[in-house]
Amino acid sequence: MAKEGAQRAEETEQMIEKDGGKDAEGSAAGSLRAGDTKEMRAVVLSAFGGLNKLRVSKKAMPEPQEGELKIRVKACGLNFIDLMVRQGNIDNPPKTPLVPGFECSGIVEALGDSVKGFEIGDRVMAFVNYNAWAEVVCTPVEFVYKIPDDMSFSEAAAFPMNFVTAYMMLFEVANLREGMSVLVHSAGGGVGQAVAQLCSTIPNVTVFGTASSFKHEAIKDSVTHLFDRNADYVQEVKRISTDGVDIVLDCLCGENTGKGLSLLKPLGTYILYGSSNMVTGETKSFFSFAKSWWQVEKVNPIKLYEENKVIAGFSLLNLLFKQNRGDLVKGVMDKLLNLYNNKKIKPVVDSLWALEEVKEAMQRIHDRGNIGKLILDVEKAPTPLV
C-alpha cells in the first residue's frame, strides 16, 4: 500500500512538472514574473450576465491553508445552479470577478497543516465553495472524499452534487420506503437520473418522471412512467395513481409548485430544490422572475394541516457552506460510495468539454439538451471548429 502511494506521488509530481512547464504562449512560464507566483488556467466570470461574461484566464495558483487540501483538478461538474450564478440570479451573490463551480475531481498535490487521512497522490472528489473551474483548487478536508479505484475522474466530478442531493431529499427529508411513489421533474438530468437509480435500490418504488420528449427513448428504462414535460402530467399521474404520489421533487418552481402539492397523498412530501423556470433567457430577466413567482401557489398552513401534507426545501450548497453540516454530508457520501462499490448506482455522464468550451456547455444545459451530467475536462483540448 505504501509502495502504491509512493508511486502515485511520483506520478503526480511528474504530471505537475509536465503541466507547469507550459502556458498559453508555449513558453516555460509556470510562474508570474513578479514575485514568482505560480499560475493556472481558470474559467473567470467577469460580471453577471450572459455567456460573453465567461473567459479562460491565467490566475495565481492557490496554496492550501490550515485544514485544506490542494487538488490538481482533472474534471469539474456543471450544474443548473451555475447558470443562475452566472446571471446573478441567486441570493447574496458574491462579487465579480469570480471563478464559478462547486465540485471537482483530481489528485492531491499538497496538504495544509493538520490535514490527516490523505496523502499526496490520492485520487479525490470534492465540494468547493466556488473556484472549482480551474486547474488547481484548495478546499477544506471535510469536503474531500477518496475516489473508488474503478471510478473515472469524469464520473467522480458527476457524483457529489447529484447523488448527495438526490439521496438526502429521498431518505433524509422524505423518508422513502418500500412501496412508495415519487414524481421527479427533469428526469433526464443529473439529479433526475440519480433519483431514479436510488429509487431502484428500494423494493416496489414507482417513479413518475417528466422530461423533454426527445430524451424519452434514452431514459425510458430508468423510470416507471415517463411524461412529456409540456404535457398535462397531473392528469396522467392521477389516471395511473388516483390518490397521487408520496413524494414530489421539484426543480422547476413556478406553476409546478401548485401542481406538485395537488398530487400529494396524505402524509406526502413536496420538496423544492431548484427554480429553473426562472432562467428563461441568457441573462437575468426580472419579468420572468416575477412571472414565475406569481405562478407559485400561496401555501396556506391551515390547508397543509387539513390535508396532512408536508412542504420542504433543500439546498445542498447552503447545507455545506452556510449551515456547516459537512459531517452529515460525509455520512451520506459514505453510504453512496458503498452503493457505488456494490454496483447499485453509477453516475451518468452526458459529455466532456474543454474549459474553453464552457459557454457551449452552459448553453446545452440551458437548452435542456443533456442526459446526465456535463463535465469540464481540464486536460481536454477544444474541439476544432469545422
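The values are calculated or read from the model by the stated rules, or taken from the named source; none is laboratory data. Since the structure is predicted, the reported quantities are computational estimates derived from the model, not experimental observations. Neighbour counts are summed over all protein chains in view; Cβ atoms, including those assigned to glycine, are modelled from backbone coordinates with ideal geometry. Side chains are part of the model used for accessible areas, which takes the heavy atoms of the whole protein and leaves out ligands, DNA and RNA. Shrake-Rupley method; radii C 1.70, N 1.55, O 1.52, S 1.80 Å.
So, of the residues in region 360-373 that are out of contact with any Lys or Arg (no Cβ under 9 Å at 6 or more places or on another chain) and over 17 Å from ALA187 (Cα atoms), which turns out to be least open to solvent (accessible area, probe 1.4 Å)? Among those that are out of contact with any Lys or Arg (no Cβ under 9 Å at 6 or more places or on another chain) and over 17 Å from ALA187 (Cα atoms), it is ALA361. Those residues that are in contact (Cβ under 8 Å) with a residue 24 or more places away in the chain, more than 21 Å from the chain's Cα centre (by Cα) and farther than 18 Å from CYS138 by Cβ, I need them from region 57-96; list them, please. THR96 - this is the single residue of region 57-96 that is in contact (Cβ under 8 Å) with a residue 24 or more places away in the chain, more than 21 Å from the chain's Cα centre (by Cα) and farther than 18 Å from CYS138 by Cβ. Of the residues making up region 55-68, just one is open to solvent by 30 Å² or more (accessible area, probe 1.4 Å) and polar (S, T, N, Q), namely GLN65. The single residue among LEU376, LEU337, LEU355, LEU328 that is open to solvent by 30 Å² or more (accessible area, probe 1.4 Å) and hydrophobic (A, V, I, L, M, F, W, C) turns out to be LEU328.
Determine if region 237-244 includes at least one residue that is closer than 22 Å to ASN175 by Cβ, surrounded by 18 or more Cβ atoms within 10 Å (Cβ to Cβ) and among the acidic types (Asp, Glu). There is no residue in region 237-244 that is closer than 22 Å to ASN175 by Cβ, surrounded by 18 or more Cβ atoms within 10 Å (Cβ to Cβ) and among the acidic types (Asp, Glu). For region 74-127, a residue qualifies if it is among the hydroxyl-bearing types (Ser, Thr, Tyr) and within 16 Å of SER46 (Cβ to Cβ), and exactly one does: THR96.
Residues that are crowded, with 21+ Cβ neighbours inside 10 Å and more than 18 Å from GLY331 (Cα to Cα) occur in region 158-167; there is at least one. Taking region 193-225 as the range and being basic (Lys, Arg) and crowded, with 16+ Cβ neighbours inside 10 Å as the test, only LYS215 passes. Of all residues in region 304-315, none satisfies being more than 28 Å from MET84 (Cβ to Cβ), in contact (Cβ under 8 Å) with a residue 12 or more places away in the chain, within 20 Å of the chain's Cα centre (by Cα) and open to solvent by 30 Å² or more (accessible area, probe 1.4 Å).
Being open to solvent by 10 Å² or more (accessible area, probe 1.4 Å) and either touching a strand residue (DSSP E or B) at 6+ places or on another chain (Cβ under 6 Å) or hydroxyl-bearing (Ser, Thr, Tyr) (or both) holds for only one residue in GLY179, GLY190, and it is GLY190. From the list ILE120, ILE107, ILE71, ILE81, the lone residue that is buried (at least 24 other Cβ atoms within 10 Å of the Cβ) and either assigned to a helix (DSSP H, G or I) or outside the structural domain of GLY274 (by the TED database) (or both) is ILE71. Screening TYR167 against (1) in contact with a Cys (Cβ under 6 Å, 6 or more places away or on another chain); (2) assigned by the TED database to the domain that holds THR269 leaves a single unmet condition, (1).
For region 173-210, the set of residues classified as in a loop (DSSP other than H, G, I, E, B) and within 16 Å of the chain's Cα centre (by Cα) consists of HIS185, SER186, ALA187, GLY188, listed by residue number.
Considering region 296-386, the qualifying strands (runs of 3 or more DSSP E), each wholly inside and each with 3 or more residues that are closer than 24 Å to THR210 by Cβ, run over 310-313, 349-353.
Looking across region 237-277, the residues that are in a helix (DSSP H, G or I) and modelled with pLDDT of 95 or more come down to VAL237, LYS238, ARG239, ILE240, LEU263.
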